[in-house]
1. Pick from segment 93-114 the residues that are over 19 Å from Lys317 (Cα atoms) and within 16 Å of ligand 1 (Cβ to nearest atom): which of them is surrounded by the most Cβ atoms within 10 Å (Cβ to Cβ)?
2. Taking the criterion of being among the hydroxyl-bearing types (Ser, Thr, Tyr), open to solvent by 30 Å² or more (accessible area, probe 1.4 Å) and at pLDDT 95 or above, would at least one residue in segment 157-168 satisfy it?
3. Just to be sure before I move on: is Ala268 open to solvent by less than 80 Å² (accessible area, probe 1.4 Å), among the small types (Gly, Ala, Ser), away from ligand 1 (no atom under 13 Å from the Cβ) and over 21 Å from Leu174 (Cβ atoms) in the structure I sent?
4. Do the conditions hold for Ala268, that is, is it in contact with a His (Cβ under 6 Å, 6 or more places away or on another chain), touching a residue at least 40 places away in the same chain (Cβ under 8 Å) and among the hydrophobic types (A, V, I, L, M, F, W, C)?
5. For segment 1-45, give me the residue count where each residue is of a type in the set (Asp, Glu), assigned to a loop (DSSP other than H, G, I, E, B) and either within 16 Å of ligand 2 (Cβ to nearest atom) or at pLDDT below 95 (or both).
6. Does Ile307 satisfy the criteria of being under 15 Å from the mean Cα position of the chain (by Cα), open to solvent by 10 Å² or more (accessible area, probe 1.4 Å), within 16 Å of ligand 2 (Cβ to nearest atom) and under 30 Å from Leu84 (Cα atoms)?
7. Considering Thr14, Thr28, Thr78, Thr64, which residue is in contact (Cβ under 8 Å) with a residue 24 or more places away in the chain, closer than 15 Å to Ala308 by Cβ and open to solvent by 40 Å² or more (accessible area, probe 1.4 Å)?
8. Can you go through Asp319, Asp302 and tell me which one is out of contact with any Leu (no Cβ under 8 Å at 6 or more places or on another chain), within 14 Å of ligand 2 (Cβ to nearest atom) and open to solvent by 20 Å² or more (accessible area, probe 1.4 Å)?
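The values are calculated or read from the model by the stated rules, or taken from the named source; none is laboratory data. Source: prediction; values computed, not measured. Note that we place each Cβ from the backbone using ideal geometry, even for glycine, and neighbour counts take in every protein chain shown. For accessibility, only protein heavy atoms count, side chains too; no ligands or nucleic acids. Shrake-Rupley method; radii C 1.70, N 1.55, O 1.52, S 1.80 Å.
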Amino acid sequence: MPVILGIESSCDETSAAVCIDGQVVSNTISTQNIHAAYGGVVPELASRVHQQNIIPVVQQALLTAKVTKNDIDAVSFTRGPGLLGALLVGVSFAKAFALARNLPLIEVNHMQAHIMANFIQEPKPKFPFICLTVSGGHTQIVLVKDYFDLEIIGETLDDAAGEAMDKTSRILGLPYPGGPLIDKYARLGNPNAFKFPEPQIQGLNFSFSGIKTAFLYFVRDRVAENPDFLKDNLPDLCASIEKRIASILINKLKKAADQYRISEIALAGGVSANTGLRNLLQETAEKNSWNCYIPAFEYCTDNAAMIAATGYYKFLKQDFVGQQIIPLARMSF
Ligand code: KG4
Ligand code: ZN
């Protein structure tokens, strides 16, 4: 019955979780609100706030899980990708904890952990499945052949989907992170009010930089004609841009499912919290008889539950790392 402590600190969430015998029993997340004033994550500030929060967050995770330090069998941590200084806090904490208690250390790839969030609850996807992984820094279509046998079959050539959400929301004057606000206002608007172009990218790759620029020029021109344009049309603008971003993602996912003849389809990453994207995936899944899997909201955006759950599967393989491990801003599966 392994008890795994998971630590996540790759961006602006300080999180710790406990997983007992494959079941997540706590998932404490402290979101850093300090970045809202700057319109995006300030790496230096993120590291400092992680440093302040990491110990109370871990203590809360242990408390909620009703375990003590003595019960932990292994420590899993996000090694990358992420902000180097932010990762350094989580990696150093995990190493110190493991060293002090003579425990094995398990490194976890943050993007793989997002996919593994689909194994936290029932029903779990069956191999092979295709996962659309959409976060603030990555947008990938991943062919998942087994827990640790993954192949990226499509990815963004420029901006990530979350970045597109955040940048378009910024154009609308909304604070960071804009994705959840686009979601909120979109629920009140007409998704067919405005049309934005679909990028013509071959194969299974994506591009979001063109749509961001098209959105910028569209809003700029309309505001020049009518200074109240944004105020009068915020819900319709949010609903329309959300619909376009979701349709770009789901169209490519459908292409991948057809190409690989796979009907087990999963969603992962922060943008998978988006209502419009979740709804469009459900509709598409029904039309195409896919079995579709979407993590619960708390496991979509950054969280340590997915790190602890991935740690559990690595623990079963005794896949441990040494104390000399360093954080990596970039890493592939
Ligand atoms: O996975 P994540 O928490 O962090 C990274 O690994 O990057 O993803 C963060 C991204 C941000 O761009 C944020 O705006 C977006 O996910 N996001 C959303 C929603 N919740 C988070 N985008 C649209 N709708 C949401 N409800
Ligand atoms: Zn993430």
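1. So the residue we want is His114.
2. Pass one, segment 157-168, residues among the hydroxyl-bearing types (Ser, Thr, Tyr): 168.
Applying the additional criterion that residues be open to solvent by 30 Å² or more (accessible area, probe 1.4 Å) yields none.
Scanning segment 157-168, I find no residue that is among the hydroxyl-bearing types (Ser, Thr, Tyr), open to solvent by 30 Å² or more (accessible area, probe 1.4 Å) and at pLDDT 95 or above, so the answer is no.
3. In short, no.
4. Values: in contact with a His (Cβ under 6 Å, 6 or more places away or on another chain): yes; touching a residue at least 40 places away in the same chain (Cβ under 8 Å): yes; among the hydrophobic types (A, V, I, L, M, F, W, C): yes.
Yes; evaluated as a whole, the condition is true for this residue.
5. Applying the first criterion (of a type in the set (Asp, Glu)) to segment 1-45 yields 8, 12-13, 21, 44.
Those still in the list that are assigned to a loop (DSSP other than H, G, I, E, B) too: 12, 21.
Among the residues that remain, those that are also either within 16 Å of ligand 2 (Cβ to nearest atom) or at pLDDT below 95 (or both) are: 12.
Total meeting the criteria: 1.
6. Numbers: under 15 Å from the mean Cα position of the chain (by Cα): yes; open to solvent by 10 Å² or more (accessible area, probe 1.4 Å): no; within 16 Å of ligand 2 (Cβ to nearest atom): yes; under 30 Å from Leu84 (Cα atoms): yes.
Spelling it out, it is not the case that Ile307 is under 15 Å from the mean Cα position of the chain (by Cα), open to solvent by 10 Å² or more (accessible area, probe 1.4 Å), within 16 Å of ligand 2 (Cβ to nearest atom) and under 30 Å from Leu84 (Cα atoms).
7. Numbers: Thr14 fails: open to solvent by 40 Å² or more (accessible area, probe 1.4 Å); Thr28 fails: open to solvent by 40 Å² or more (accessible area, probe 1.4 Å); Thr78 fails: open to solvent by 40 Å² or more (accessible area, probe 1.4 Å).
Just one listed residue meets the conditions, Thr64.
8. Numbers: Asp319 fails: within 14 Å of ligand 2 (Cβ to nearest atom).
One residue alone meets the criteria, Asp302.
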